[in-house]
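Below is one structure, written out as structure tokens, with a few remarks after it.
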Amino acid sequence: MTRILFSDKLDQCVAKWRSAGITVIGPVQGESLSTYAAVEKASDFAFGIVLPDRSLKELFFPQTEPMLRYTIKKNEIETTDFAPPAAPRIIFGARPCDASGLAIDDPLFGWDYKDEYWFKRRNESVIVTIACTESDDFCMCTSLKHSPDSTKGSDVLLRPLDKNRGWVVEELTDRGREAFALISEEIKESDETALPTAEVPEKFNLDTCVTWLQNPVNFDSKFWKEISMRCIGCASCTYLCPTCHCFDIQDEGDTYSGIRRKNWDSCSFALFTMHTSGHNPRATQSARWRQRIMHKFNYFPGKFSVNSCSGCGRCSRQCPVDMGITETLQEISKL
């Protein structure tokens, strides 16, 4: 027997979670793009989307965020810290690649300094993923040695039943079990089986690519210039990526007071590495694209023993010039 959450009980589940003071978030279809946003009822969810346009990252690492307010006085500087609001939440219906993206970034944000903004949100969030039964030509989770039903970063995994009737429930963590204990009356025992997961063909050989990237001879390969010729440096790939985490800190205000703010940045931008002297160690787009690929599949795993890519495919799916990590690693595989 398996535990089943039937979709006609979802309204009651959302209501119970909300009455317990928990914000419920899920995939939502807007006028121009799909994202993860707060919902009030079951009909607000857009479960039919293969993958939302925007990733979960924004719920844990906002595009812009105040860190402190400062006031400069005659003999002192007064500061007031901002803190993320205490807001327990359930993210219901996330895709496994988005949840694994959070798990990939956890060691980065907890490395030499524990980022309180990231982990406060992580500790107050329950991630409920739905295994993928459909994919598109851009999905590449299997190429990164993940899967359409990966449990990495998830607290509860749901496996869909046929005809959108509900999900088989697999509770993975204590946090997930506590959240689903609130809706235990809505979960039934059944002998039904879930639909098979989507078949996502491998698009490149990851081990071959990593070996090539680790070879110092290839750092100056002409390949980097050839592959990056059409890159326009718009950074859409980095902003949409579930694992990209570059940011800048700026003080916004006047001579006497203001706010220190953390804003997303990108290695695709020329100013990202511009020195005060005017020297730029990555002055060309090819050098910046090389850095992006090297970081994800050489430098990051060298530090944290995991590739900085969840295989969601957004970088290729949304690129205005039809270029992304998939295409780059496919070409490296041929080399």
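Available extension along the chain between LEU182 and ASP162 is 4.6 nm, counting 0.36 nm per residue and deducting the alpha carbon span.
Full extension from ALA86 to SER19: what is 0.36 nm times the residue separation minus their Cα-Cα distance, to one decimal in nm? If you can, show how the numbers build up before the last one.
Details: separation 67, 0.36 × 67 = 24.12 nm, distance 1.61 nm.
That pair, ALA86 and SER19, stretches by 22.5 nm at full extension.
Less than 5 angstrom separates the built amide H of THR2 from those of SER190, ASP191, GLU192, all sequence-distant by 5 or more or on a different chain.
Which one, LYS145, LYS163, LYS16, has the greatest fluctuation when you compute a Gaussian network model over the chain with C-alpha springs under 10 angstrom? Between LYS145, LYS163, LYS16, it is LYS163 that shows the largest mean-square fluctuation. Summary of packing: across the peptides 78-88, 100-110, the per-residue average of other C-beta atoms within 10 Å ranks them, highest first, as 100-110, 78-88.
Taking packing as the residue-averaged number of other Cβ atoms within 10 angstrom, the listed peptides 284-290, 236-242, 90-96 run from highest to lowest as 90-96, 236-242, 284-290. Of the Cα atoms belonging to the chain, the radius of gyration and Dmax stand at 21.7, 73 Å.
Take 206-213, 128-135 and order them by the average number of nearby Cβ atoms within 10 Å per residue, most first; the result is 128-135, 206-213.
Extension gain for GLN250 to GLN330 (0.36 nm times residue separation, less C-alpha to C-alpha distance): 25.0 nm. Listed by chain and number, the lysines whose alpha-carbon sits under 26 Å from that of LYS114, ignoring those within fewer than 8 places in the same chain, are LYS57, LYS152, LYS262, LYS296, LYS303.
Under 1.5 on a/c is rounded, so check that first for the stretch 122-278, then, if it is not, pick prolate when a/b is larger than b/c and oblate when it is not; a ≥ b ≥ c are the square roots of the alpha carbon gyration tensor eigenvalues.
On the way: a/c = 3.08, a/b = 1.46, b/c = 2.11.
Verdict is oblate for the stretch 122-278.
Shown for the chain: cysteine residues without a partner Cβ closer than 4.7 Å, namely CYS13, CYS132, CYS139, CYS141, CYS209, CYS231, CYS234, CYS246, CYS267, CYS309, CYS319. Computed from backbone phi, the HN-Hα couplings of the stretch 61-76 come to 9, x, 4, 9, 7, x, 9, 7, 10, 10, 9, 8, 10, 4, 10, 7 Hz, rounded to whole numbers (Karplus: 6.51 cos²θ - 1.76 cosθ + 1.60, θ = phi - 60°; Gly and Pro given as x).
Exposure proxy shown here: for MET140, MET1, MET274, the number of other Cβ atoms within 10 Å sets the order, fewest to most, as MET1, MET274, MET140.
Taking amide hydrogens as placed 1.01 Å from N in the peptide plane, the amide H of SER257 sits under 5 Å from those of ILE72, each at least 5 positions away in sequence or on another chain.
A short reminder: the numbers here are calculations on the coordinates, not readings from a lab. Here the structure is a predicted model, which is why all the values come from computation and not from measurement. Positions of Cβ are backbone-derived with ideal geometry, glycine not excepted, and every protein chain shown enters the neighbour counts.
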